[in-house]
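These notes concern the structure reproduced below.
The values are calculated or read from the model by the stated rules, or taken from the named source; none is laboratory data. All of these numbers come straight from a predicted model, not from anything done at the bench. Quick reminder, even Gly has a Cβ in these numbers, built from the backbone with ideal geometry, and neighbours come from all protein chains shown. Accessible surface is based on the protein model in full, side chains and every heavy atom, while ligands, DNA and RNA are left aside. Shrake-Rupley method; radii C 1.70, N 1.55, O 1.52, S 1.80 Å.
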Amino acid sequence: MTLTSVDVTLVGAGIMSVTLGTLLKQLRPELRVLLLERLPQEAQESSSAWNNAGTGHAGNCELNYTPMAADGSISLAKALDINEAFDLSRQFWTHLVRAGALGSPEAFIQGVPHMSFVLGEERRAYLRERHRLMSAHHCYRGMAYSEERAQVAEWAPLLIEGRDPGATISATRFVGGTDVNFGALTSQLLDHLRSCPPFEARFSTAVKGLQRRQEGGWRLETRDQGTGEPRLIDSGTVFLGAGGGALTLLQKAGIPEGRGYGGFPVSGLWLRCSHPEVASRHRAKVYGMAAAGSPPMSVPHLDTRLVDGRQWLLFGPYAGFSTKFLKSGSLCDWPGSLRPGNLLPQLAVARDNLALTEYLIGQVFASSEERFAALQNFYPNARSSDWSLAVAGQRVQIIKADARRGGVLQFGTEVVHAADTSLVAVLGASPGASAAVAISLEILRSCFREKLPDGWERTLKRILPSYGEAIRLDADLCRRIRSESAEVLRLGMS
Ligand SMILES: Cc1cc2nc3c(=O)[nH]c(=O)nc-3n(C[C@H](O)[C@H](O)[C@H](O)COP(=O)(O)OP(=O)(O)OC[C@H]3O[C@@H](n4cnc5c(N)ncnc54)[C@H](O)[C@@H]3O)c2cc1C
């Protein structure tokens, strides 16, 4: 059996592995990096353009990031965290485009306004107050608000045409939003990595097992998916960027830090429209408000998508349930992940989240008419013949042991690493790909600090001008980095 020896193994060819790999190569080019992917190509799971919504999440339009507390106050904290994380991504891509490491930015990012749209008096009061707070902050400078049909129709005519003239509508619009093709970006980053030896990407190669080596690092058992040939790889550090498959591999590694984690798979469906005469009349990502009990990632939205040089309309996602952890995974994934240590946390979550369970059951059994009615809440004149159903990517929501409640459902991303920093996994899916750079920076600080050359943070500061600073506290910095990235990424608006 052949044995390969490397410094870093990246498991999974999605946006997370290629982002971390690219950052590592910028800081220590001589690192021997190996990327392993079970499928024949990169970006075939969550990072594929059609498996996610392509929203450059920046907290502009996602109402679940600005929740209203029981006392009626609205917190911007979460939205600002995401806003700053996305600015880091924009700065990284800007650096790589300037350096000639990435190709045409239009292939992976385009300026698309982000809107929030609500119906009814109560939601209007919320949106108006949210807008008051956000538009006063420099990170959301220029966010517009309207209750006028004519104005909203100018921003997004499909929302208004055919709507009851008496309906109470309210909307915000932020012109600096983006649509990102994370699949195209993953491919471009991988192409760049291939030009940074020593680097190798092996496809159709699944990681089947991981064992700690006495002398440090890990021995990975891999299997060629075509020939069945087994191979061993010795790696100083292992990054489990395996998306929904990361939990399974974390369990196989058996590190104590991974105990108590469970995963709850949520599948998704979109409605998709490719008719140019419809798609060309809507240029916005329009987010509504989640139904009671629904998970935040199931907030419906009507989205412009720019994929492969064409403009599309996407609506959804509708949530569903499948026991697979990956779209191309196995129905045994979820049952196979149950352990004595994570069973109680999962039962506790089921007990504490009845509204979520009801919501999911409702979604699974929704008829096509019910699904279409949800679209018509946004786009009253939608014709079913213009739309087709598409399967979205699979998400694995993380369930974590909790001393007080037994278990909690995590909607964010969780970075779990071994105490000796030789293995690190990214679990969870939100805010996902948009935060890939911020998540990678967290991993660099927690697991690679000792393995990087002196002055690595100074190099990072050259790559990411806002590194180590709070954009939310510095209006000049915010303006400067946004206008630079808008120019280099050719977003046409800042
Ligand atoms: C419906 C939906 C909508 C979303 N919308 C957005 C959005 O609008 N904006 C946003 O920023 N994010 C969004 N996300 C989240 C985003 O897509 C993910 O966070 C991101 O793509 C995860 O990237 P990844 O590299 O971790 O995983 P993936 O892209 O899933 O890649 C993991 C890779 O690991 C491979 N793998 C798994 N197990 C093994 C193994 N044992 N051996 C070898 N390879 C393995 C898989 O085949 C896969 O290629 C959405 C996700 C979903 C599902």
Extreme residue, nearest to the ligand (Cβ to nearest atom), among residues of region 275-306 that are modelled with pLDDT under 95 and aliphatic (A, V, I, L, M): 297
Breaking point among (1) open to solvent by less than 10 Å² (accessible area, probe 1.4 Å); (2) not in a helix (DSSP H, G or I); (3) not basic (Lys, Arg), for residue 96: (2)
Residue pairs meeting the criteria (Cβ under 8 Å; at least 6 apart or on separate chains; first farther than 15 Å from residue 266 by Cβ, in region 406-418; second surrounded by 17 or more Cβ atoms within 10 Å (Cβ to Cβ) and of a type in the set (Lys, Arg)): 407/400; 408/400; 414/400
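Restricting to helices (runs of 4 or more DSSP H) lying wholly in region 258-352: which have 3 or more residues that are surrounded by fewer than 22 Cβ atoms within 10 Å (Cβ to Cβ) and aliphatic (A, V, I, L, M)?
Values: elements: 276-279, 333-337, 340-352.
Passing ranges, in order: 340-352.
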Restricting region 21-49 to residues that are crowded, with 18+ Cβ neighbours inside 10 Å and touching a strand residue (DSSP E or B) at 6+ places or on another chain (Cβ under 6 Å), the residue that is nearest to residue 325 (Cα to Cα): 38
Any hit, region 239-247, residues being free of Cβ contacts under 8 Å to residues at least 60 places away in the same chain and either acidic (Asp, Glu) or part of a strand (DSSP E or B) (or both): no
Those residues of region 400-423 which are within 19 Å of residue 251 (Cα to Cα) and either assigned to a helix (DSSP H, G or I) or under 18 Å from the mean Cα position of the chain (by Cα) (or both), in sequence order: 409, 410, 413, 414, 415, 416
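A quick yes/no check of all residues on (1) at pLDDT below 90; (2) more than 16 Å from the ligand (Cβ to nearest atom):
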{"site": "371", "(1), (2)": "yes, no"}
{"site": "389", "(1), (2)": "no, no"}
{"site": "417", "(1), (2)": "no, no"}
{"site": "420", "(1), (2)": "no, yes"}
{"site": "424", "(1), (2)": "no, no"}
Residue pairs meeting the criteria (Cβ under 7 Å; at least 6 apart or on separate chains; first closer than 20 Å to residue 458 by Cβ, in region 1-30; second at pLDDT 95 or above and within 9 Å of the ligand (Cβ to nearest atom)): 20/241
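Closer than 28 Å to residue 209 by Cβ, part of a loop (DSSP other than H, G, I, E, B) and among the small types (Gly, Ala, Ser): is that true of residue 5 in this structure?
For residue 5, the condition - closer than 28 Å to residue 209 by Cβ, part of a loop (DSSP other than H, G, I, E, B) and among the small types (Gly, Ala, Ser) - is not met.
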Residue list for region 461-487, filter: in a loop (DSSP other than H, G, I, E, B) and either more than 23 Å from residue 23 (Cα to Cα) or touching a Cys at 6+ places or on another chain (Cβ under 9 Å) (or both): 466, 474
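Conditions tested, residue by residue: (1) under 18 Å from the mean Cα position of the chain (by Cα); (2) modelled with pLDDT of 95 or more; (3) not basic (Lys, Arg).
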{"site": "11", "(1), (2), (3)": "yes, yes, yes"}
{"site": "29", "(1), (2), (3)": "no, yes, yes"}
{"site": "32", "(1), (2), (3)": "no, yes, no"}
{"site": "44", "(1), (2), (3)": "yes, yes, yes"}
{"site": "50", "(1), (2), (3)": "yes, yes, yes"}
{"site": "96", "(1), (2), (3)": "no, yes, yes"}
